[in-house]
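Asks: There's a structure below that I have some questions on.
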């Protein structure tokens, strides 16, 4: 990416805290630092933490564009929830009221509603450098390249830092920081390769370099992501000074995030997190049915996922999470994530920015404690154009108290956001591999689904030993991913690989949908022809400043 575009942003003002107070993020502003003057261990810890959590997840420009909510988790993951039909939204901010409308809905009585502004058209009309605040393509791109650049800064600074302690201490400190940098580079490239049609490899800090305008395919972006993830794992394997490693990692992860599932990872836990993310990279970029432009999964792919998930995140492992803080955090409790911007406090409260989708609610099985815990009746008939936004349900803030997993909690520090993988995701990818491999593997796949339901307190009857068909097991798996992984930034990936997002002419769309109309009619067998882009074009903000060089991969999706 070109320097003049790359990170021209005025970041959130941050307190230069030096204490271990859990209410403060101990960072320097990464874009207001003279790097030649950074020489101490405290300097690199501060700039690395700030680069990760502020540059990567606080929003480009510190929300100077007035985008929806106040973090990566509110808008960027908001787009994923919208396109994955977890939520709808009437607000005009960044076009959230337009991009998730299907091209056509056919109701139970065979009548239809057509979308006069198809999603693909809306996306592309607004893909302009002169209108970045309304360009959906822009936000995840700049966030992830800001995160990547922060990692590059850490790597570039390492040899200038005077680390305290013995030679062995210095080695362990440098290795921990290098592993951190390559982990987040791998994460950023994973997100780019899983959402955009092409991307750029950038390993130089804030500068143009030969070949930086060489756009590569989404597939090669995933190759690069996995290469960085493997490098992080290799570095972690070589660290022998566990105490020093633990100390440095504990300083990199904000203390207010060291709660619940987000405490300090052991080296082995971190490596298992890497394996889970690599499994995701394979799974979400393949098709289950051959619909659309994705390569279909093969037995070789399923076996690779099985190998990775068998060595992936366990139920007792810590993972990378985010939480709000009362001050100096990187997102707010009320506007920092999709869950908080969807949940209401009581059945009589007004609705929030996002509206719960009827299609998400229908995918929670009858008798599932998570269904009764997380939703309340709330009749809402949309009269302003979003013909799939009407709903009879709302997401309940902090749940209804039945002891099962809670989806939303807008208290300060209450919402745990899974930034990368989780135990549930890993176990369900394992289940999917086993079920698709079939035969004697199928029942083991059902055991993995049961494991997740038990972990989240679903209270559903066990599937294992029930002798259901492979087709029925696949449907249970689909429903469980919708349920257990709701609002974790995976819904759009799943809709894409199942084939829902593609045009009906290509075998896409979703049947059997519940659609509640503005007239109050409940349809239970509607057909939704979404016809969305499966991978997004490279934003014009990048193309305008950094035109593709000779030999670059296409930057616009032909779909």
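This table checks each residue for (1) outside any loop (DSSP other than H, G, I, E, B); (2) in contact with a strand residue (DSSP E or B) (Cβ under 7 Å, 6 or more places away or on another chain); (3) at positive phi.
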| site | (1), (2), (3) |
| --- | --- |
| 500 | no, yes, no |
| 513 | yes, yes, no |
| 519 | no, no, no |
| 524 | yes, yes, no |
| 533 | no, no, no |
| 538 | no, yes, no |
| 547 | no, no, no |
| 550 | no, no, no |
| 556 | no, no, no |
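Asks: Find all pairs meeting these conditions: Cβ atoms under 9 angstrom apart; at least six residues apart or on different chains; first residue within the stretch 157-173 and at positive phi; second residue surrounded by 14 or more Cβ atoms within 10 Å (Cβ to Cβ) and at pLDDT 95 or above.
Replies: Close Cβ pairs (under 9 Å, with a partner that is surrounded by 14 or more Cβ atoms within 10 Å (Cβ to Cβ) and at pLDDT 95 or above) amount to 165/41; 165/172; 165/173; 165/244.
Asks: Based on what the data block shows, is residue 120 farther than 30 Å from residue 389 by Cβ and either under 27 Å from the mean Cα position of the chain (by Cα) or buried (at least 24 other Cβ atoms within 10 Å of the Cβ) (or both)?
Replies: Numbers: farther than 30 Å from residue 389 by Cβ: no; either under 27 Å from the mean Cα position of the chain (by Cα) or buried (at least 24 other Cβ atoms within 10 Å of the Cβ) (or both): yes.
Judged against the criteria, residue 120 is not a match.
Asks: Can you name every residue in the stretch 360-381 that is under 16 Å from residue 406 (Cα atoms) and touching a strand residue (DSSP E or B) at 6+ places or on another chain (Cβ under 7 Å)?
Replies: Matches in the stretch 360-381: 361, 374, 375, 376.
Asks: Restricting to the stretch 352-367, name every residue that is part of a loop (DSSP other than H, G, I, E, B), out of contact with any helix residue (DSSP H, G or I) (no Cβ under 7 Å at 6 or more places or on another chain) and crowded, with 16+ Cβ neighbours inside 10 Å.
Replies: Here is the first cut: in the stretch 352-367, the residues part of a loop (DSSP other than H, G, I, E, B) are 352-353, 357, 363-367.
This time we only want the ones that are out of contact with any helix residue (DSSP H, G or I) (no Cβ under 7 Å at 6 or more places or on another chain), so: 352-353, 357, 366-367.
Hits for the stretch 352-367 are 352, 353, 357.
Asks: So the check is Cβ under 7 Å with 6+ separation or different chains; which pairs have a first residue in the stretch 312-328 that's at negative phi and loosely packed, with under 14 Cβ neighbours inside 10 Å and a second one that's part of a loop (DSSP other than H, G, I, E, B) and modelled with pLDDT of 95 or more?
Replies: These pairs meet every condition: 326/412.
Asks: For residue 225, state whether it is surrounded by 17 or more Cβ atoms within 10 Å (Cβ to Cβ), without any contact (Cβ under 8 Å) to a residue 60 or more places away in the chain and in a helix (DSSP H, G or I).
Replies: yes
Asks: Modelled with pLDDT of 95 or more, part of a loop (DSSP other than H, G, I, E, B) and within 19 Å of the chain's Cα centre (by Cα) - does that describe any residue in the stretch 293-310?
Replies: no
Asks: Picking from 406, 384, which residue would you name as being out of contact with any strand residue (DSSP E or B) (no Cβ under 8 Å at 6 or more places or on another chain), within 29 Å of residue 523 (Cα to Cα), in a loop (DSSP other than H, G, I, E, B) and modelled with pLDDT of 95 or more?
Replies: Matching residue, one of 406, 384: 406.
Asks: Could you say which residue among 188, 172, 146, 150 is surrounded by 22 or more Cβ atoms within 10 Å (Cβ to Cβ), within 16 Å of residue 247 (Cβ to Cβ) and in contact with a helix residue (DSSP H, G or I) (Cβ under 7 Å, 6 or more places away or on another chain)?
Replies: 172
Asks: Return only the number of the condition from (1) surrounded by 20 or more Cβ atoms within 10 Å (Cβ to Cβ); (2) part of a helix (DSSP H, G or I) that residue 285 does not satisfy.
Replies: (2)
Asks: Still on this structure, please answer the following. Look at residue 226 and say whether it is within 18 Å of the chain's Cα centre (by Cα) and more than 17 Å from residue 185 (Cβ to Cβ). Working first, answer last.
Replies: Working: within 18 Å of the chain's Cα centre (by Cα): yes; more than 17 Å from residue 185 (Cβ to Cβ): no.
So residue 226 does not fit the description; no.
Asks: I would also like to ask the following. Residue under question is residue 487, and the condition is that it be part of a loop (DSSP other than H, G, I, E, B), farther than 25 Å from residue 128 by Cα and at pLDDT 95 or above; does it hold?
Replies: Details: part of a loop (DSSP other than H, G, I, E, B): yes; farther than 25 Å from residue 128 by Cα: yes; at pLDDT 95 or above: yes.
In short, yes.
Asks: Given the residues 443, 402, 426, 436, which is the only one that is in contact with a helix residue (DSSP H, G or I) (Cβ under 6 Å, 6 or more places away or on another chain) and surrounded by fewer than 19 Cβ atoms within 10 Å (Cβ to Cβ)?
Replies: Answer to the selection: 402.
For (1) more than 30 Å from residue 99 (Cβ to Cβ); (2) touching a residue at least 40 places away in the same chain (Cβ under 8 Å); (3) under 23 Å from the mean Cα position of the chain (by Cα), each residue gets a yes or a no:
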site	(1), (2), (3)
437	yes, yes, no
446	yes, no, no
485	no, yes, yes
490	no, yes, yes
501	no, yes, yes
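Asks: Is there a residue in the stretch 200-220 that is in a loop (DSSP other than H, G, I, E, B) and buried (at least 24 other Cβ atoms within 10 Å of the Cβ)?
Replies: yes
The values are calculated or read from the model by the stated rules, or taken from the named source; none is laboratory data. None of these values were measured; they are calculated from a predicted model. Neighbour counts run over all protein chains shown; Cβ positions are idealised from the backbone, glycine included.
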